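J.: Input: one structure, supplied below.
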Amino acid sequence: MKGKIIIAGIGPGSPDDITPAVLHAVREADAVVGYKYYFQFVTPYLKAGCECIDTGMKRERDRAEQAFLLAQEGKTVVVISSGDAGIYGMAPLIYEMQQSTSGSEGRDIDSAIDIEVLPGISAFQKAASLLGAPIGHDLCIVSLSDLMTPWEVIERRIRAAAEGDFVTAVYNPKSNGRYWQLYRLQELFLQRRAATTPVGYVRQAGRDEQKVTTTTLADLDPEDVDMFTVIIIGNSQSYVADGKFITPRGYYREQAGGAEKPGQQIMMQSFRTIQGELHRQDYPLGHKWALLHAIHTTADFDMEQILYTDEHAVEHIYDKVKDGRLKTIVTDVTMVTSGIRKGALQRLGIEAKCYLSDPRVAQMADTLGITRTQAGIRLAVEEHPDALFAFGNAPTALMELCDLIRKGKARPAGIIAAPVGFVHVCESKHMVKPFRDIPKIIVEGRKGGSNLAATLCNAILTFDDAEQLKPGRDL
């Protein structure tokens, strides 16, 4: 009569975390094979006469071979692994050995032996439960042990996890001989994730020595971690509230806000894509909101280098919108006005105006020998000196506004400086910067355009929607 092999995950180390199916298997076992440290967790459940066979640490092949030899004698053999036997455990090795039909020293392996795998609670699952709910969305697991996997492969997987915005559990983060790998992982993640990304780690999860720690990606200290520690790195939406590490699935947004309209869904999906491809993830919220709009409009990731905002410029201008101090947006050309969202203007009680079609403009331009856009800005300042001024085409108009500010005739609520071209464009943008008490958004260099000026206006008018970019909100 042939025996069988049951590969059982005994959980992270607490008797309460061993499943009933595994306990039943252990009670019925004729022999238990495993690393000696794990016997303490199953010994109370063994029947009289059950053999406990320890092959020592790093002797996994010997352990698997011993299980086959015992099963070939007709015994029911339980091979125990901590956590889940299929996650960095014994299950893959035993199946591989069965397929090879050969053990060490030429011993034959009976390929007809029945094998059963019983799942267990993995260490990352136990750690997650102690931290809160950090694995509520797409996740991956990475081991930093390079004993059987080349480091270049591990590093490629780390980059993919960071790039893909996966919640990431890290096994085997450090040992006496592997002291630098976790530092490298932290470096790679900081290239793609915000420094404030939540990180939790649990040492000896489920055991008497258990220690639970919550920190951030930037503040993670690899020296506080050892081989008994599991680390969980959050994604861009993860956050910590009341001491609990949470990664939202999105249900709350659906219940609270209802279904998004198709156009909004497409835009938000585009924003997700853009955000994932940014070189930095830790931009202040207002700057990031403006940047996402700029790239969404142009598909030009150079915007990450050339879009300049004063500190909290978007927030400061939006505050004026919200409390009613900003009632007018003045643009240099009608194309900018046309691109500003009409629904947002109406909802907020704001008028967007361009003076180019005003009959006074042509007359003033001819009389004074200035451009029509310059004349339009002069008229606008007379009637709306405290407006938000948005420039997407004419550097001369922007230079005119700068001159009027210096003469004390204008005090704009804000300036969007995005004229495009080759003559006086860069200079006009430099001229704006010294006005430190006026919040400014500037597209540096030659690039710009009416579409950019309009979308930056829209970013300000819809800044309340930027809350969806904050941790804990589904973008």
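The values are calculated or read from the model by the stated rules, or taken from the named source; none is laboratory data. Keep in mind the model is a prediction, meaning the values are calculated, not measured. In this analysis, Cβ positions are derived from the backbone assuming ideal geometry, glycine residues included, and neighbour counts consider all displayed protein chains. What goes into the accessible areas is simple: the full protein's heavy atoms, side chains included, and nothing from ligands, DNA or RNA. Shrake-Rupley method; radii C 1.70, N 1.55, O 1.52, S 1.80 Å.
J.: How high is the FRET efficiency between residue 187 and residue 426 when r is their beta carbon distance and R₀ equals 35 Å, given to the nearest 0.05?
T.: Values: r = 36 Å, r/R0 = 1.02.
FRET efficiency, residue 187 to residue 426: 0.45.
J.: If each of residue 358 and residue 216 carries a label point 7 Å out from its Cα toward its Cβ, how far apart are those two points in nm?
T.: The two pseudo-label positions are separated by 4.7 nm.
J.: With runs of 4+ DSSP H residues as the only contributors, calculate the mean residue ellipticity of the chain at 222 nm using -39,500 (n - 2.57) per run, divided by the residue total and rounded to the nearest 500. Before the final figure, lay out the partial values.
T.: Working: 18 runs with 182 residues, N = 475.
Rounded to the nearest 500, it is -11500 deg cm²/dmol.
J.: Another one. Ranked from highest to lowest mean number of other Cβ atoms within 10 Å per residue, what is the order of the peptides 381-388, 115-122?
T.: Working: 381-388: 18.9, 115-122: 21.2.
So the peptides 381-388, 115-122, ranked by packing, come out 115-122, 381-388.
J.: Setting aside same-chain residues fewer than 8 positions from residue 4, which lysines have a Cα under 20 Å from its Cα?
T.: Excluding near neighbours in sequence, the set is 47, 75.
J.: Just for the chain, what percent of DSSP beta bridges are antiparallel, to the closest 5? Each step should come with its number before you reach the end.
T.: On the way: 22 of 61 bridges.
The answer is about 35 percent antiparallel.
J.: Separate question: Using 1/(1 + (r/R0)^6) with R0 = 45 angstrom and r between the beta carbons of residue 325 and residue 277, what's the FRET efficiency to the nearest 0.05?
T.: 0.80
J.: Okay, moving on. With θ taken as phi - 60° and the coefficients 6.51, -1.76 and 1.60, list the Karplus ³J(HN,Hα) couplings across segment 304-311 in order, rounded to whole Hz; mark glycine and proline as x.
T.: 4, 8, 10, 7, 10, 10, 4, 4
J.: A further question follows. Which sequence of 440, 47 reflects their accessible areas, 1.4 Å probe, from the largest down? Numbers along the way, then the final one.
T.: Values: 440 0, 47 85 Å².
The ordering from most to least exposed comes out as 47, 440.
J.: Also: For segment 338-345, just list the computed ³J(HN,Hα) in residue order, Karplus coefficients 6.51, -1.76 and 1.60, θ = phi - 60°, integers in Hz, with x standing in for Gly and Pro.
T.: These are the phi-based 3J(HN,Hα) values: 5, x, 7, 5, 5, x, 5, 4 Hz.
J.: State the label only: which of [x] 70, 21, 18; [y] 66, 20, 18; [z] 43, 29, 20 corresponds to semi-axes √(5λ) of the Cα gyration tensor in Å computed from the shown model?
T.: [y]
J.: Size of the dipole of the chain about the Cα centre, Lys and Arg at +1 and Asp and Glu at -1 on the beta carbon, nothing else charged, in debye to 20? Intermediate values should be presented prior to the final figure.
T.: Numbers: 53 positive and 60 negative charges, 283 e Å.
Around 1360 debye, computed over the chain.
J.: With every protein chain present, what accessible area does residue 333 have (1.4 Å probe, heavy atoms only), rounded to the nearest 10 Å²?
T.: 20
J.: Per 0.36 nm of contour for each residue apart, how much would the distance between residue 403 and residue 100 grow if the chain were fully extended, relative to their Cα-Cα spacing?
T.: On the way: separation 303, 0.36 × 303 = 109.08 nm, distance 8.30 nm.
The residue 403-residue 100 span can extend by a further 100.8 nm.
J.: With each label point set 7 Å from Cα along the Cα-Cβ vector, what nm distance links residue 58 and residue 14?
T.: It is 3.2 nm.
J.: For segment 270-420, take N as its residue count and report Rg(C-alpha) divided by 2.2 N^0.38 Å. Numbers along the way, then the final one.
T.: Values: Rg = 16.4 Å, N = 151, 2.2 N^0.38 = 14.8 Å.
Rounded to two decimals, the normalised Rg is 1.11.
J.: Can you list residues whose amide H is under 5 Å from residue 133's amide H, if they're 5+ apart or on another chain and H is modeled 1.01 Å from N?
T.: 245, 246, 247
J.: FRET efficiency for residue 224 and residue 114, Cβ-Cβ distance as r, R0 = 41 Å, nearest 0.05?
T.: On the way: r = 45 Å, r/R0 = 1.09.
That gives a FRET efficiency of 0.40.
J.: Can you grab the distance from the C-alpha centre of segment 114-139 to the C-alpha centre of segment 300-346, Å, no decimals?
T.: With segment 114-139 and segment 300-346 each reduced to a Cα centre, they are spaced 46 Å.
J.: For residue 38 and residue 242 in the same chain, what is the full-extension length gain: residue separation times 0.36 nm, less their Cα-Cα distance, in nm?
T.: Values: separation 204, 0.36 × 204 = 73.44 nm, distance 3.48 nm.
Computed gain between residue 38 and residue 242 is 70.0 nm.
J.: According to a simple spin-label model (label point 7 Å from Cα along Cα-to-Cβ), what is the distance in nm between residue 368 and residue 299?
T.: Here the modelled spin labels are 4.1 nm apart.
J.: Would you mind checking the pairs 2/126; 58/174; 36/211 and listing those with alpha carbons more than 25 angstrom apart? It would help to have the intermediate numbers written out before the result.
T.: Working: 2/126 36 Å; 58/174 16 Å; 36/211 23 Å.
Over 25 Å apart, Cα to Cα: 2/126.
J.: State the antiparallel share, in %, of DSSP beta bridges confined to segment 1-139, rounding to the nearest 5.
T.: 10
J.: Still on this structure: Just how much of residue 277 is accessible, in Å², when a 1.4 Å probe is used and the result is rounded to the nearest 10?
T.: Surface open to solvent at residue 277 totals about 90 Å².
J.: May I pose another question? Given the peptides 398-405, 86-93, 144-151, arrange them by the average over their residues of other C-beta atoms within 10 Å, most packed first.
T.: Values: 398-405: 22.5, 86-93: 19.9, 144-151: 13.5.
Descending packing order for the listed peptides: 398-405, 86-93, 144-151.
J.: I've got another one for you. Given the C-alpha centroids of segment 48-62 and segment 208-249, what is the distance between them in whole angstrom?
T.: Going from one Cα centre to the other spans 34 Å.
J.: Just subtract the alpha-carbon distance of residue 159 and residue 249 from 0.36 nm times their residue separation and send over the number in nm, one decimal.
T.: Details: separation 90, 0.36 × 90 = 32.40 nm, distance 2.31 nm.
Roughly 30.1 nm would be gained on extension.
J.: May I ask you to list the trypsin sites (Lys or Arg not before Pro) in segment 333-384 that are in a DSSP loop and have at most 16 other Cβ atoms within 10 Å of their Cβ? Working shown, then result.
T.: Values: sites: 341, 342, 347, 353, 360, 372, 378; in loops: 341.
Listed in order of number, the matching sites are 341.
J.: Another question, if that's okay. First compute the accessible area of the chain with a 1.4 Å probe, then give the percent of it belonging to carbon and sulfur atoms. Before the final figure, lay out the partial values.
T.: Numbers: 11200 of 22140 Å².
In the chain, the share of accessible area belonging to carbon and sulfur is 51 percent.
J.: Distance cut-off 20 Å, Cα to Cα: go down the list 288/353; 407/433; 320/447; 409/440 and report the pairs above it. Provide the component values of the computation, followed by the final result.
T.: Numbers: 288/353 27 Å; 407/433 16 Å; 320/447 28 Å; 409/440 18 Å.
In this structure, 288/353; 320/447 lie more than 20 Å apart at Cα.
J.: Residue 29's amide H: which non-local residues (gap 5+, or another chain) put their own amide H closer than 5 Å, with H modeled 1.01 Å from N in plane and none for Pro or chain starts?
T.: For residue 29, the qualifying residues are 47.
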